[in-house]
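See below for the structure under consideration.
All of the numbers you see were taken from the coordinates with simple rules; none came from a lab. Remember, it's a predicted structure, so these values are computed and weren't measured experimentally. Here the Cβ positions follow ideal geometry from the backbone for every residue, glycine too, while neighbour counts run over all protein chains shown.
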Amino acid sequence: MPRHPTNVSARPNVLFIMADQWPAYLLGSAGHPAILTPTLDEFAENGVRFTRAYSESPICIPARRTVMTGTSPRVHGDRLFNETLPLPSLPTLAGCFRAAGYQAYAVGKLHVYPQRDRIGFDDVLLAEEGRAQFGVADDYDMFLADRGFPGQQYMHGMNNNEYVHRAWHLPEDCHVTNWTTAQAARTIKRRDPTRPAFWHVSYTHPHPPLAPLSCYLDMYRDADIDTPVLGEWEHDEESLPAALRSVRDRWLRWKPREIAAFRRAYYALITHIDHQLRVLIGTLREEGLLANTVILFTTDHGDMLGDFGLYAKRLFYQGAANVPMLLLGLPGDARVGMHRTDDRLVGLQDVMPTLLDLAGLPVPDSVEGLSMVGPKRRARLYGECREDASATRMMHDGRHKLIWYPVGHRVQLFDLQEDPCERRDRSDDPAYRSVRADLESALAAEAYGVDENWVRDGRLVGAKAPPYKVAGNRGLTGQRGLQFPAPPIIGGDG
């Protein structure tokens, strides 16, 4: 007998979009004066924008493990960036959808180990940023070879961890943002029409390398680019913890003109992704799927982009830890609504239970996150990153954010209602004494592993900081080169 679609519309499709290293404030809907994000602004108009969304561990691998398992670093096992740590034996986001009869496909960056681990997806088309040290040629690399550019992804000379920039060096269709979009759109069109679908589209930008298409650089040529945030607390270099001094020392002391230029390149990468999202929306619309598809957009963490003289991630200031979180429900679903902002405190652990909830699927007992459309809200959110001299911890109550650097025992406290840009540290302000005590107590209660050496009798005590030394950077923070023929599996000398 021929097969016919049965109850395909009973459950919604789900499109989960994730970008890499994109701060929450870089949206037009968030009021940014220069950024161009018309598509994501429409997402906000047609759904809800969560203004207090945070990455519990603002570094790529731990953040993605949190997303895919709905658990904290304590449970999934990584707050370090452990490149060779497999996921623990926990239900995954994709696995839960597949167990419910969904087809589940991913395109783009997963950042798991082994690299071809599908973590519950039916199939994955990978773009892993030229991460060749594990012996895997990803699908984007193979595409470039088919186009006649084998191993040339990094021949622009730009770096995954720095802010030197230039225009893209290959044809437009060879840019990883275009490749990811094209493959995702094709995956949608190749769906099984008898089953609902869960699609994960994961863009590698605006994470460096900063090599945007020239046409997007041109859009910002005459724009007034905002300058980095300066704080009252940052000027005494000697008093800063090693976790901050190492970041400030890692990059050159950029001139204002150079900062504006690399911000233009970064913004260009953002607008490129925003425009490519229109292709995904158009594909869903033309396939007759848009009205029955839940859409969520977020990122794994942000980027400091020069705020307080800091760059990249691994920190709990707003630029690095506060992430965009935009949710579109099905038409008429009052749980999501339209043109709303929601100021509840949410984390990346909430992505999994939210999408399962909106699809009417059970949430595994292992999940620690909360549905962002459910009635339950958390009073505090804990954040953790690293375990060495660069370790940093956060406790957030929705208004006040306590940041702690255990090595050197430096505490900062910010009142985000009065000071949303974190310019003034209130940790020694008598008016905030009780707030600090409450958040420190809550933070101490989260201690496990190496943190137990930094807490005594329920109090934060930290550890003495060793003499600070400026590290060299002979390898240009992991610069990639010509990748054909492929580098050795244990490639590079630092």
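Restricting the range 380-391 to residues that are more than 15 Å from Asn322 (Cα to Cα) and touching a residue at least 24 places away in the same chain (Cβ under 8 Å) leaves a set whose member that is surrounded by the most Cβ atoms within 10 Å (Cβ to Cβ) is Ala391.
Taking first residues from the range 461-483 that are under 30 Å from Ala442 (Cβ atoms) and partners that are of a type in the set (Ser, Thr, Tyr) and in a loop (DSSP other than H, G, I, E, B), no Cβ contact under 6 Å between residues at least 6 apart in sequence or on separate chains turns up. Residues being free of Cβ contacts under 8 Å to residues at least 40 places away in the same chain and acidic (Asp, Glu) are represented in the range 208-219 by at least one member. One residue stands out among those in the range 145-175 that are without any contact (Cβ under 8 Å) to a residue 60 or more places away in the chain and crowded, with 19+ Cβ neighbours inside 10 Å: the one that is farthest from Val67 (Cα to Cα), which is Trp168. Applying the condition of being in a loop (DSSP other than H, G, I, E, B) and touching a residue at least 60 places away in the same chain (Cβ under 8 Å) to the range 408-423 and asking which residue is nearest to Asn453 (Cα to Cα) yields Gly408.
For Pro466, the test of being assigned to a loop (DSSP other than H, G, I, E, B) and under 29 Å from Gly383 (Cα atoms) is passed. For Asp122, the criteria (1) closer than 28 Å to Tyr220 by Cα; (2) in contact with a strand residue (DSSP E or B) (Cβ under 6 Å, 6 or more places away or on another chain) hold in every case but one, which is (1).
Taking (1) in a loop (DSSP other than H, G, I, E, B); (2) surrounded by fewer than 22 Cβ atoms within 10 Å (Cβ to Cβ) in turn, Gly95 satisfies each apart from (1). For the range 197-215, filtering for residues that are of a type outside the set (A, V, I, L, M), outside any strand (DSSP E or B) and crowded, with 24+ Cβ neighbours inside 10 Å leaves 4.
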